[in-house]
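Remarks on the structure that follows.
Rule-based calculations on the coordinates, nothing more; no lab input. Please read all numbers here as calculations on a predicted model, not as lab measurements. Here the Cβ is made from the backbone with ideal geometry for all residues, glycine too, and neighbour counts use every protein chain on show.
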Amino acid sequence: MIRNALVICALLLGFLATHAAAQLYTKVSNSGQMLPDNASLGDGPNDWACTRDNRTGLMWEVKRTSGLRAASHNYTWRSGNTGNIGNTTSCSNTLAPATCNTEALVNRYNQIGLCGSSNWRLPGGAYNVGSPAASPNGELAVFYQNLFATDGVSPGFWFPNTRLFWHWTSTLDTFNFGRVWLVNFDTAQVFSNFWDFAYPALLVTPDGPDEPAPPEEDEIFHDRFEEPVLTENFDDLNAAGDRGWMVAQRSDPEGPDGWFIGIPAAFPAHQGAADSYIAAGFGSTTDGGTISLWLLTPLVDFRAGSSVSFYTRTLSPTVFPDRLEIRACTSSPCLNIPLGATATGDFQDILGTINPGLNTDNDPTGVQGYPGEWTQFIFGAEDGVPQSGTGRLAFRYFVPDGGSTGENGFYIGIDTVFVAATPAD
């Protein structure tokens, strides 16, 4: 199978077409935690309830088919002593003892702390008669543009149950007393109408979801990685080299590429700047050769409790399977890696292999495929991580039949490497 530049571009474009939208929004749980893209709506604390627009930083409620957040509900507009108090029927009496007006809805969301926020409100900003594009400073108009007028974005995936109708903003039409600006999600119009009418309301908050805890705060790390020995995020590969990281190209035949800085167009880093991860790909060899590309940690003083954690991924979906070995050496300085794709030199001890069978599936466990999203792998004493001595750990990108004409190997990234041990007595 020949992979020329056009094929690679097509694969990357296909990946971006299916995943670019996923980078624009983040699903958030009822309790305010970030969720994976496949999360489902529900009432539990860990179920999906809100979505953050990562371009604006604003978090929006996601409507339901029934209950308090039902998309079918309508509200009169009210703020303070201004507006119409409404009735109890247009929102199925879900705000009782209050009536169905926007202020009562805002108060209820803040009372329950939807998605971990108590700062819910109607979307604000400035609006002009016309299309949403003509109101670039109106939060609801920008919401419409980002969701309904952006190529590759599926509105129903990020905001299911949203009614294609007029929705209230918080902005009064100062030239027409008693009128408030609205945005129509069906006809793409911005107009104002009297606050006595009942329309849907989509609430927003400037609060965002809680970010995932960094590795050192994870419960596993409290138990096993209490004292850091080595951390690396690959923000600067030259600086990583200065800190003692080393690489070795042992592919047969040797290709034009080695380890290189991550390509954000393929996928962004696990954390930090989009390109702050280390990557390798099929160009490490040529003409169906065997890739053997080594990444060595600085020297590490191993002791009881030593463990290693890192994140890795490939593209999803994948056509050309990848494989990664994790190896160890305790015979310092651990620099003997003989020429030849199959030689392992000082690194005879293998801790584990991600996608050992070179399967094309994306598997977050790394057993039946390579993960298609950033996935953490942890190896400890039970896996063979040395518990004494001085040595190195090694990541080996090891793929037979690679290169531009091979059947295997495409592109992987490694990020957020953490080597640690329990404190010495």
Rounded, prolate or oblate (a/c below 1.5 giving rounded, otherwise prolate when a/b exceeds b/c) for the range 364-406 by Cα gyration tensor: oblate
Candidates ASP53, ASP207, ASP242: whichever shows maximal mean-square fluctuation once the chain is modelled as a Gaussian network with Cα springs under 10 Å: ASP242
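Over the alpha-carbon set of the range 230-421, divide Rg by the Kirkwood Rh and report the Rg/Rh ratio to two decimals.
Values: Rg = 15.3 Å, Rh = 16.3 Å.
A ratio of 0.94.
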Amide hydrogen neighbours beyond the local backbone of ASN87, cut-off 5 Å, H modeled: THR76, CYS100
Around ASN233: net Lys/Arg minus Asp/Glu count, Cβ-Cβ under 12 Å: -4
Difference of contour (0.36 nm per residue) and Cα-Cα distance, SER79 to ALA239: 52.1 nm
Net lengthening on full extension, ASP361/PHE194 (0.36 nm per residue, minus Cα-Cα): 54.6 nm
Potential extension, ASN93-ARG55 segment - 0.36 nm per residue separation minus Cα distance: 10.2 nm
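Please give the FRET efficiency for SER40 paired with ASN107, using the beta carbon to beta carbon distance and R0 = 41 Å, rounded to the nearest 0.05. It would help to have the intermediate numbers written out before the result.
Details: r = 28 Å, r/R0 = 0.68.
E(calc), rounded to 0.05, equals 0.90.
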Proximal charge balance of GLY272 [Cβ under 10 Å; K/R count +1, D/E count -1]: -3
From phi via Karplus (6.51, -1.76, 1.60), per-residue ³J(HN,Hα) for the range 353-364 in Hz, x at Gly/Pro: 9, 9, 6, x, x, 6, 7, 7, 6, 8, 10, x
Translational D in µm²/s for the chain (Stokes-Einstein at 20 °C, 1.002 mPa s, Kirkwood Rh from C-alpha pairs): 88
J(HN,Hα) series, the range 401-407, from Karplus relation 6.51 cos²θ - 1.76 cosθ + 1.60, nearest Hz, glycine and proline x: 6, x, x, 5, 10, x, 8
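Within the set of other residues whose C-beta is less than 13 Å from the C-beta of THR65, count the net charge using Lys and Arg as +1 and Asp and Glu as -1. Please report the intermediate quantities before stating the final value.
Values: positive: LYS63, ARG64, ARG69, ARG163; negative: ASP43.
Overall, the nearby charge balance is +3.
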Once the Cα gyration tensor of the range 22-205 is diagonalised, semi-axes √(5λ) in Å: 24, 21, 13
